[in-house]
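S.K.: Attaching a single structure in structure tokens format; questions to follow.
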């Protein structure tokens, strides 16, 4: 019976990574591009006034995918704890 919980933990952890990691990387990539664009505009002397920013934050889809990935990670951790504690 223990192996069932460990197997569910492995599957849920893998699914959580497969869902959440691409969304996190897309967010980080967009943030880096925005920072570089702001730096370039500042260097060229065409920056927006202080206090304004081009950054838009996470999209709704990215936020949803990260929450789903985190929930699957929590399920994986819970199943692993249950599986190892019942052995």
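The values are calculated or read from the model by the stated rules, or taken from the named source; none is laboratory data. These numbers come from a predicted model, not from an experiment. Backbone-built Cβ (ideal geometry, glycine too); neighbour counts: all protein chains shown.
S.K.: Give me the pairs: first residue in region 40-64 and on the phi > 0 side of the Ramachandran plot, second residue at pLDDT 70 or above, beta-carbon distance under 9 Å, and six or more apart or on different chains, which are they?
M.R.: Close Cβ pairs (under 9 Å, with a partner that is at pLDDT 70 or above) amount to 57/27; 57/31; 57/63.
S.K.: While we're here: For region 66-87, how many residues meet the condition of being surrounded by fewer than 14 Cβ atoms within 10 Å (Cβ to Cβ), in a helix (DSSP H, G or I) and in contact (Cβ under 8 Å) with a residue 60 or more places away in the chain? Spell out how you get there, then give the answer.
M.R.: If we filter region 66-87 for residues that are surrounded by fewer than 14 Cβ atoms within 10 Å (Cβ to Cβ), which is where we start, we get 67, 70, 74, 81, 84-87.
Applying the additional criterion that residues be in a helix (DSSP H, G or I) yields 67, 70, 74, 81, 84-85.
Next, only the ones that are in contact (Cβ under 8 Å) with a residue 60 or more places away in the chain stay: 84.
Of the residues in region 66-87, 1 are surrounded by fewer than 14 Cβ atoms within 10 Å (Cβ to Cβ), in a helix (DSSP H, G or I) and in contact (Cβ under 8 Å) with a residue 60 or more places away in the chain.
S.K.: Would you confirm whether or not region 34-51 contains a residue that is surrounded by 12 or more Cβ atoms within 10 Å (Cβ to Cβ) and either modelled with pLDDT of 95 or more or outside any helix (DSSP H, G or I) (or both)? Reasoning before the result, please.
M.R.: Keep residues of region 34-51 that are surrounded by 12 or more Cβ atoms within 10 Å (Cβ to Cβ), which gives 34-35, 37-38, 41, 47.
Narrowing further to those that are either modelled with pLDDT of 95 or more or outside any helix (DSSP H, G or I) (or both): 47.
There is at least one residue in region 34-51 that is surrounded by 12 or more Cβ atoms within 10 Å (Cβ to Cβ) and either modelled with pLDDT of 95 or more or outside any helix (DSSP H, G or I) (or both).
S.K.: Which numbered condition in (1) more than 30 Å from residue 85 (Cα to Cα); (2) without any contact (Cβ under 8 Å) to a residue 24 or more places away in the chain; (3) assigned to a helix (DSSP H, G or I) is the only one that residue 27 fails?
M.R.: Residue 27 satisfies all of (1) more than 30 Å from residue 85 (Cα to Cα); (2) without any contact (Cβ under 8 Å) to a residue 24 or more places away in the chain; (3) assigned to a helix (DSSP H, G or I) except (2).
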